[in-house]
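A quick write-up on the structure given underneath.
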Amino acid sequence: GLQLLGIDEINEDDANFFIDNLVVSPRQIVRCALELKKHPVSLVKKDISSLIDYEDRNISIVLKDFFNDSDARDIIILLSKYEYLSYAVLQKIFADRINVFNDCLTKLIVCALVETFGPGDEYIKLDHSYADYIRRNRLRMSSDLESYSLECITESLTCAAKITEDLS
């Protein structure tokens, strides 16, 4: 991608610096590449915090809309704690409000905050940028939901028959 923009002064150490410091979202990579096209590598490296802050501002704007809904907030924060969870595990956690959960999940998929994968799209994963932002800012769900979700996940994974069925 950098070669297409005519940027050839990036060495392996520079590349590793950017990989280690950025959350590597597509938006952030494009913005970094555009900055490297306009400015020397040393200047972009020195001002790496502005790239991170720019991405954080965009993420916080999107999350603000979702966090106005406590159910969406709970789902997003829960998904940020794990690499991915199965739909079955999430159904169990949100069984008392399954219709709200399904509506929320649909909105999150449509807005590309989460993606589904696996046979039958049964696994759900929060976009890495959002998960990273939530973890860095130590955003928490209610303690009741946190302990209940941990209980549900542990129960699902300790059942020997489920281990081969559910990779969460």
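Just the number please: accessible area per residue for segment 1-104, 1.4 Å probe, all protein chains included, in Å².
Per-residue value: 58 Å².
Just from its helices, what would the mean residue ellipticity at 222 nm be for the chain, if runs of 4 or more DSSP H residues each count -39500 (n - 2.57) and the sum is divided by every residue, rounded to the nearest 500 deg cm²/dmol?
The helix contribution divided over the chain gives -19500 deg cm²/dmol.
Using every pair of alpha-carbon atoms in segment 49-168, split the distances into 5 Å bins beginning at 0 and state the percent of pairs per bin, rounded to integers.
Calculated P(r), rounded to whole percents: 2, 10, 22, 24, 20, 12, 6, 3, 1, 0.
Using a simple spin-label model with points 7 Å from Cα along the Cα→Cβ vector, what separation in nm is obtained for Asn68 and Tyr82?
2.9 nm
Using a cut-off of 22 Å between alpha-carbon atoms, which lysines can reach Lys38, once sequence neighbours fewer than 8 places away in the same chain are excluded?
Hits, sequence-local ones excluded: Lys46.
Among all the lysines, which ones have a C-alpha under 25 Å from Lys125's C-alpha, if same-chain residues fewer than 8 places away are not counted?
Partners within reach: Lys64, Lys81, Lys92, Lys107, Lys162.
Compute, for the chain, the length of the dipole vector about the Cα centre, with Cβ point charges of +1 (Lys, Arg) and -1 (Asp, Glu) only. Units Debye, rounded to 20.
440 debye
Which three extents, in whole angstrom, do the alpha-carbon atoms of segment 1-120 cover along their principal axes, largest first?
The Cα atoms of segment 1-120 stretch 55, 32, 21 Å along the principal axes, largest first.
Report the Cα centroid-to-centroid distance between segment 91-129 and segment 36-87 in angstrom, as an integer.
Using only Cα atoms, the two centres lie 18 Å from each other.
Kyte-Doolittle cut-off 0.0, length cut-off 27 Å along the helix's own axis using Cα: show which whole DSSP H helices in the chain pass.
Going by DSSP H runs, the hits are 48-67.
Carbon-plus-sulfur fraction of the accessible area of the chain, 1.4 Å probe, in percent?
53 percent
Would you list Tyr148, Tyr82, Tyr123 from the most to the least accessible area, probe 1.4 Å?
Tyr148, Tyr82, Tyr123
Using +1 at the Cβ of each Lys and Arg and -1 at the Cβ of each Asp and Glu in the chain, identify which of Thr158, Ile98, Phe117 lies farthest towards the dipole's positive end.
The listed residue farthest towards the positive side: Ile98.
Per residue and in cubic angstrom, what volume does the convex hull of the Cα atoms of segment 30-90 have?
Spread over its residues, the Cα hull of segment 30-90 gives 111 Å³ apiece.
The values are calculated or read from the model by the stated rules, or taken from the named source; none is laboratory data. Computed from a prediction, not measured in an experiment: that's the story for all the values here. Quick reminder, even Gly has a Cβ in these numbers, built from the backbone with ideal geometry, and neighbours come from all protein chains shown. The protein model used for the area step is the full one, side chains on, heavy atoms only, and it has no ligands, DNA or RNA in it. Shrake-Rupley method; radii C 1.70, N 1.55, O 1.52, S 1.80 Å.
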